[in-house]
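**Q** Before I ask anything, here is the structure I am working with.
The values are calculated or read from the model by the stated rules, or taken from the named source; none is laboratory data. Remember, predicted model here, so these are calculated numbers, not experimental data. Note: ideal-geometry Cβ built from the backbone for every residue, glycine included; neighbour counts use all protein chains shown. SASA here: full protein model, heavy atoms, side chains in, ligands and nucleic acids out. Shrake-Rupley method; radii C 1.70, N 1.55, O 1.52, S 1.80 Å.
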Amino acid sequence: MKKFLAVFDGFRMSKSTLDYGIQMAQIKGAQLVGVFLDEFIYRSYNVSKIINTYKDYNTAIRVLDERDKKKRDEAALRFQKACEKSKISYSIHRNRQVALQELKHESMFADLIIINKKETFSTKKETPPTRFMKDLLTDVECPVLIVPERYIEIDKVVLLYDGSPSSVYAIKMFSYLFDRMQDMPVDVLSVKTKYIDTFRLPDNKLMREFMNTHFPKAKYQVKKGDPEEQISGYLRNHKENELVVLGAYRRSELSRWFKSSMADLLIRELDTPLFIAHTN
């Protein structure tokens, strides 16, 4: 049995994370762990504002903290009831330490993380990909399924392949976790940046041999041009509810200032579940 982590902010619990988590757990027969990152310094209200507004601010903070606790308890109970209704194996973790550190630590002992692309675990609003998501993807120790705001049942898989070890590794990890999806329509999408290149896949023979053993019904698409334009355009023009699989490199903080990854682009522009895995 595999272990999938569904990650939640108890103040604004993501319904799509819950729905995708249940679907993935049902497909694989996995245990779904509801990870509620109840970081002790993260509150739903502005502490400074309360201190500056109320004379007896200690009482006000105590009341608001009780309200926050109730919200978080209700979110955990909602997860429990949904899992019981769906008849899947589940457990619940309530983590009160620093959210990012706790999740990275738990990722060492998990097969997959499922998380909404808009999660910040703060009161600040950010445009995806959020800082929390970027920091998580840099050092996470297992694959991550980043889900959109709205749940739509997956009915197709698109594997992004550029010949790099990272892209092959992501496809491998997906095939190991979700071998039961091989009966869905599967596309392998590759983009050549040089127009003089042929329309053959990088390492064509080896890649097709590998795919025949994991996704024998896969179809192949090789396009030419700018990878970001070709891939985002290809995915926008499809009507199917795709899950996209891609690799991502671990990069230093410095290099990330100069080049955003394909993952950043797809998180920002598409409402599509993204399965992301990378090598060390």
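**Q** With the requirement that a residue be among the aromatic types (Phe, Trp, Tyr) and open to solvent by less than 40 Å² (accessible area, probe 1.4 Å), what does region 18-46 give you?
**A** At the first step, the residues of region 18-46 found to be among the aromatic types (Phe, Trp, Tyr) are 20, 36, 40, 42, 45.
Matches in region 18-46: TYR20, PHE36, TYR42, TYR45.
**Q** Count, please, the residues in region 1-12 that happen to be within 16 Å of the chain's Cα centre (by Cα) and either open to solvent by 10 Å² or more (accessible area, probe 1.4 Å) or within 21 Å of PHE174 (Cα to Cα) (or both).
**A** Narrowing region 1-12 to residues within 16 Å of the chain's Cα centre (by Cα): 3-9.
With either open to solvent by 10 Å² or more (accessible area, probe 1.4 Å) or within 21 Å of PHE174 (Cα to Cα) (or both) added as a condition, the list becomes 3-7.
Result for region 1-12: 5.
**Q** What are the residue pairs meeting all of these: first residue in region 225-247, first residue within 12 Å of LEU274 (Cα to Cα) and in a loop (DSSP other than H, G, I, E, B), second residue open to solvent by 20 Å² or more (accessible area, probe 1.4 Å) and not small (Gly, Ala, Ser), Cβ atoms under 8 Å, and 6 or more apart or on different chains?
**A** Matching pairs, first to second residue: ASN241/ILE152; ASN241/GLU153; ASN241/ASP155.
**Q** Anything in region 121-134 that is more than 28 Å from VAL191 (Cβ to Cβ) and either touching a residue at least 12 places away in the same chain (Cβ under 8 Å) or surrounded by 17 or more Cβ atoms within 10 Å (Cβ to Cβ) (or both)? List them, or say none. Break it down stepwise before answering.
**A** Step one: of region 121-134, the residues more than 28 Å from VAL191 (Cβ to Cβ) are 121-126, 131-132.
Hits for region 121-134 are PHE121, SER122, THR123, PHE132.
**Q** Restricting to region 252-278, name every residue that is at pLDDT below 75 and either open to solvent by 100 Å² or more (accessible area, probe 1.4 Å) or touching a helix residue (DSSP H, G or I) at 6+ places or on another chain (Cβ under 7 Å) (or both). Even if it seems obvious, please write down each step before you answer.
**A** First pass over region 252-278, keeping only residues at pLDDT below 75: 252-260.
Once the filter is applied, which keeps residues that are at pLDDT below 75 and either open to solvent by 100 Å² or more (accessible area, probe 1.4 Å) or touching a helix residue (DSSP H, G or I) at 6+ places or on another chain (Cβ under 7 Å) (or both), region 252-278 yields GLU253, LEU254, TRP257, PHE258, LYS259.
**Q** A follow-up question, please. Tally up the residues in region 1-60 that are over 15 Å from GLU119 (Cα atoms), basic (Lys, Arg) and not in a helix (DSSP H, G or I), please.
**A** Adding up the residues that qualify gives 3.
**Q** To continue, here is another question. Answer yes if at least one residue in region 107-125 is outside any loop (DSSP other than H, G, I, E, B) and of a type in the set (D, E, K, R), and no otherwise.
**A** First, the residues of region 107-125 that are outside any loop (DSSP other than H, G, I, E, B): 107, 112-116.
Okay, now just the ones that are also of a type in the set (D, E, K, R), so none.
Checked region 107-125: no residue is outside any loop (DSSP other than H, G, I, E, B) and of a type in the set (D, E, K, R).
**Q** Cβ-Cβ below 9 Å, separation at least six or inter-chain, first residue in region 139-152 and under 17 Å from TYR176 (Cβ atoms) and in a loop (DSSP other than H, G, I, E, B), second open to solvent by 10 Å² or more (accessible area, probe 1.4 Å) and among the small types (Gly, Ala, Ser): which pairs?
**A** Pairs that qualify, where the first residue is under 17 Å from TYR176 (Cβ atoms) and in a loop (DSSP other than H, G, I, E, B) and the partner is open to solvent by 10 Å² or more (accessible area, probe 1.4 Å) and among the small types (Gly, Ala, Ser), are GLU141/ALA110; CYS142/ALA110.
**Q** Sort out which residues of region 75-93 are open to solvent by 50 Å² or more (accessible area, probe 1.4 Å) and in a helix (DSSP H, G or I), and write them in order of number.
**A** Across region 75-93, the qualifying residues are LEU77, ARG78, GLN80, LYS81, GLU84, LYS85.
**Q** On to the next question. Going through region 165-181 one residue at a time, which ones are open to solvent by less than 20 Å² (accessible area, probe 1.4 Å) and under 17 Å from LEU201 (Cβ atoms)? Steps first, answer last, please.
**A** Quick first cut of region 165-181, residues open to solvent by less than 20 Å² (accessible area, probe 1.4 Å) only: 166-167, 170-171, 174-175, 177-178, 181.
Correct list: SER166, SER167, ALA170, ILE171, SER175.
**Q** Considering region 34-63 alone, what residues qualify as being acidic (Asp, Glu) and closer than 30 Å to GLY21 by Cα? Before you say what the answer is, go through the steps one by one.
**A** Within region 34-63, the first condition is being acidic (Asp, Glu), and the residues that meet it are 38-39, 56.
Matches in region 34-63: ASP38, GLU39.
**Q** Now for a different question. For region 57-68, enumerate the residues that are surrounded by 12 or more Cβ atoms within 10 Å (Cβ to Cβ) and of a type in the set (Ser, Thr, Tyr).
**A** Answer for region 57-68, where residues must be surrounded by 12 or more Cβ atoms within 10 Å (Cβ to Cβ) and of a type in the set (Ser, Thr, Tyr): just TYR57.
**Q** Return the only residue of LYS118, LYS15, LYS71, LYS49 being at pLDDT below 95 and open to solvent by 70 Å² or more (accessible area, probe 1.4 Å). Can you show your working first?
**A** Working: LYS118 fails: at pLDDT below 95; LYS15 fails: at pLDDT below 95; LYS71 fails: at pLDDT below 95.
Going through LYS118, LYS15, LYS71, LYS49 in turn, just one is at pLDDT below 95 and open to solvent by 70 Å² or more (accessible area, probe 1.4 Å): LYS49.
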